[in-house]
Each structure stands twice: as structure tokens, then as C-alpha cells.
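Here, each number is a calculation from the coordinates, and none is a lab measurement. The structure displayed is predicted, hence computed values, not measured ones. Cβ coordinates were reconstructed from backbone atoms using ideal geometry, including for glycine residues, and neighbour counts include every protein chain displayed.
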């Protein structure tokens with residue numbers, strides 16, 4: 001009896017877009033990786049994507065977000081930046097800028113954080129941002 005494996009396993013995550021007063025987007029890079037990505041992470045069993053977004057943002061940056069102020073940007077699929085042969089399916093939310101983010105510090109598995117101009121292409125950007133999220137942000141009024 002043979003088993004069939006998914007040729008493109010899906011990793012489900014939630015991510016947060018937070019922009020500063022200059023329109024730059026807060027991005028993080030996990031320890032031991034090369035790509036910048038939105039703060040966020042994998043859902044826990046039965047967890048609502050909004051709750052994942054809030055939990056992960058606080059774990060990674062030490063900043064509590066207001067779940068009620070999240071607005072859905074969409075659910076998108078792209079090649080996973082750090083897991084070759086996988087697809088990431090991201091529930092992406094926007095949250096208004098919070099003052100604490102200006103002095104955020106990397107925590108948990110995060111090694112680096114950076115405010116990124118979404119209009120400037122960069123080779124170190126995760127596919128989800130480069131191919132989907134940043135173009136969607138640029139298309140908004």
C-alpha cells in the first residue's frame with residue numbers, strides 16, 4: 001500500500017501589517033534565516049486567526065495589540081520563505097500604528113526588526129511580502 005503525500009504542504013499563519021507615519025512597514029527576521037517578513041506566526045489548534053496575530057505580535061515584539069483594531073487585508077498564499085517546498089497561507093491583518101512600536105525590540109525567535117518601505121524592491125524580502133502584500137498596500141489609496 002502506498003501513501004500519497006502533499007506535494008506542497010501548507011503552513012497556516014497570521015501576520016500583521018503595521019505602518020509608521022512614513023508608510024514604512026514593520027518587518028522581522030527570525031534567527032538563522034535570511035528573509036524579512038511580517039510579524040506573526042503559526043496558529044495554535046482551534047485558535048482564531050485574529051487571536052494568533054495578536055499573540056504572535058506580542059511574543060515577538062513585546063507589544064500588545066487591540067484585537068478590535070485589526071482589519072483584514074486578506075488571506076494569501078505564497079512560497080514559504082524559510083521552509084523550502086512549502087506554501088504559506090497567511091491571514092494578513094492591518095493594525096494602526098502604536099507608539100510602542102517605534103522602540104520595539106526583537107524577542108523570542110526574532111533576531112532583527114526593520115521598518116521597510118514597501119515601494120522599494122529588496123532581495124531579502126519574503127515572497128508573501130514581495131509578491132502579494134506590498135503590491136496590495138501600494139494599490140490602496
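Take every pair of alpha-carbon atoms less than 8 Å apart whose residues are at least six positions apart; their mean separation over the length of segment 1-79 yields a relative contact order of 23 percent. How big is the antiparallel share of DSSP beta bridges in the chain, given as a percent to the nearest 5? Antiparallel bridges make up about 70 percent of those DSSP assigns within the chain.
Principal axis analysis of the Cα atoms in the chain yields extents of 58, 33, 32 Å, listed in decreasing size. For the chain, averaging the sequence separation of C-alpha pairs within contact (under 8 Å, six or more residues apart) and dividing by the residue count gives a relative contact order of 32 percent.
Please list, by residue number, everything in segment 46-85 whose backbone N is under 13 Å from a paramagnetic label point 7 Å out along Cα→Cβ of residue 103. Nothing falls inside the zone, counting backbone N under 13 Å. Convex hull volume of the Cα atoms of segment 94-141, normalised per residue: 112 Å³. In the chain, helices alone account for a calculated mean residue ellipticity at 222 nm of -4000 deg cm²/dmol, with every DSSP H run of four or more residues adding -39,500 (n - 2.57).
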